[in-house]
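Asker: There's a structure below that I have some questions on.
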Amino acid sequence: QVQVAESGGGLVQPGGSLTLSCAASGSEFSIRVRGWYRQGPGKERELVARITSGGTTNYVDSVKGRFAISRDIAKNMVTLQMNTLKPEDTAIYYCYFVAWDGDVYWGQGTQVTVSS
């Protein structure tokens, strides 16, 4: 069984930075894609960033140039560095891992609030 644990959310002022981290542990599995979704108040869940096994990254337009996704393959981790945060980045952020067999594993979600 795979467990996914997130950390790093919180309250930050506009223009500030936060780093979200996520680690998968438990049963061994090979990760094809890992990344982050978010769901803001009254909004649908959207893909924020993802990174493939080959290292290709994708970002939603609204975070390009401000957010950076990275990974630690050996530790089954994915990290989201968020800079120049805006109030519209306020959301619950969920990490996810997609295995080569198609299984998807989700984190529990971490709240990010950008407010003065």
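Asker: For the stretch 95-110, does any single residue satisfy the condition of being closer than 15 Å to Val4 by Cβ, among the small types (Gly, Ala, Ser), part of a loop (DSSP other than H, G, I, E, B) and touching a strand residue (DSSP E or B) at 6+ places or on another chain (Cβ under 9 Å)?
Answerer: So far as the stretch 95-110 goes, yes, one or more of its residues are closer than 15 Å to Val4 by Cβ, among the small types (Gly, Ala, Ser), part of a loop (DSSP other than H, G, I, E, B) and touching a strand residue (DSSP E or B) at 6+ places or on another chain (Cβ under 9 Å).
Asker: Hey, can you tell me all the residues within the stretch 1-15 that are loosely packed, with under 14 Cβ neighbours inside 10 Å and in a loop (DSSP other than H, G, I, E, B)?
Answerer: Passing the criteria: Gln1, Gln13, Pro14, Gly15.
Asker: Determine which member of the set Arg38, Arg32 is in a strand (DSSP E or B), open to solvent by 60 Å² or more (accessible area, probe 1.4 Å) and not small (Gly, Ala, Ser). Reasoning before the result, please.
Answerer: Values: Arg38 fails: open to solvent by 60 Å² or more (accessible area, probe 1.4 Å).
Criteria check complete, one pass: Arg32.
Asker: Residue under question is Glu6, and the condition is that it be within 16 Å of the chain's Cα centre (by Cα), without any contact (Cβ under 8 Å) to a residue 60 or more places away in the chain and more than 18 Å from Asp101 (Cβ to Cβ); does it hold? If you could, list the steps in order and put the result at the bottom.
Answerer: Values: within 16 Å of the chain's Cα centre (by Cα): yes; without any contact (Cβ under 8 Å) to a residue 60 or more places away in the chain: no; more than 18 Å from Asp101 (Cβ to Cβ): yes.
So Glu6 does not fit the description; no.
Asker: Still on this structure, please answer the following. So which strands (runs of 3 or more DSSP E) are wholly in the stretch 41-93 and hold at least 2 residues that are touching a residue at least 60 places away in the same chain (Cβ under 8 Å) and open to solvent by less than 80 Å² (accessible area, probe 1.4 Å)?
Answerer: So the answer is 77-82.
Asker: So, one more: Only residues that are surrounded by fewer than 21 Cβ atoms within 10 Å (Cβ to Cβ) and either hydrophobic (A, V, I, L, M, F, W, C) or out of contact with any Phe, Trp or Tyr (no Cβ under 7 Å at 6 or more places or on another chain) (or both): list them for the stretch 104-113, please.
Answerer: Val104, Trp106, Gln108, Gln111, Thr113
The values are calculated or read from the model by the stated rules, or taken from the named source; none is laboratory data. All values reported here derive from a predicted model rather than from experimental measurement. Ideal geometry is used to build each Cβ from the backbone, glycine not excepted, and the neighbour counts take in all protein chains shown. We work out accessible area using only protein heavy atoms, side chains counted, and drop any ligands, DNA or RNA first. Shrake-Rupley method; radii C 1.70, N 1.55, O 1.52, S 1.80 Å.
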